[in-house]
1. Over the chain, calculate the relative contact order: mean separation of alpha carbon pairs under 8 Å at least 6 apart, over the residue count, as a percent.
2. Please give the helix 21-40 orientation as an angle from the longest Cα principal axis of the chain, in degrees from 0 to 90, rounded to the nearest 10.
3. Label-point separation (nm) for Ala69 and Leu36, each offset 7 Å from Cα along Cα-to-Cβ?
4. Run the numbers for Arg29 and Trp44: contour at 0.36 nm per residue of separation, minus the present Cα-Cα distance, in nm.
5. Which value at 222 nm does the chain reach when only helices count, each DSSP H run of 4 or more adding -39,500 (n - 2.57), with the total divided by all residues and rounded to the nearest 500 deg cm²/dmol?
6. Among rounded, prolate and oblate, which fits the chain when a ≥ b ≥ c are the square roots of the eigenvalues of its C-alpha gyration tensor, a/c under 1.5 means rounded, and a/b larger than b/c means prolate?
7. If I model a spin label as a point 7 Å beyond the Cα along the Cα-Cβ vector, how far apart are those points for Arg19 and Glu59 in nm?
8. Under a Cβ-only charge scheme (Lys and Arg +1, Asp and Glu -1), can you give me the dipole magnitude of the chain about the Cα centre, in debye to the nearest 20?
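Every number in this text was worked out from the coordinates using simple rules, so none of it is lab data. Just so we're clear, the structure is a prediction, and the values are computed from it rather than from any experiment. Note: ideal-geometry Cβ built from the backbone for every residue, glycine included; neighbour counts use all protein chains shown.
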Amino acid sequence: MNAGDLPKLGSYPVEPRVRDCETACHYLRYEREVTLRLLSQLPWQVIVVAQTNPPSVTEVRRLACDRLAELYTAT
């Protein structure tokens, strides 16, 4: 999360309000869970790229290819 993201999240009309890093993390965790739950109902495999820092475009491509390769070799 960038320093400019907290005021942006704080302006969202959500309850409980986003006031600080702790409540921002709670909100983002909740949104992630909702998104993954909804995507799991679709007929697609969801590939989660979990990293603490946002990866570069090249790194996302590499991680996605690695995960796809795992899926294809598992079938």
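1. Relative contact order for the chain comes out at 14 percent.
2. So the helix axis and the longest Cα principal axis differ by about 40 degrees.
3. 2.4
4. Length difference between fully extended and current span is 3.2 nm.
5. Only helices count here, giving -19000 deg cm²/dmol.
6. Verdict is oblate for the chain.
7. Inter-label distance under the simple model: 3.3 nm.
8. Charge dipole, the chain, about its Cα centre: 100 debye, nearest 20.
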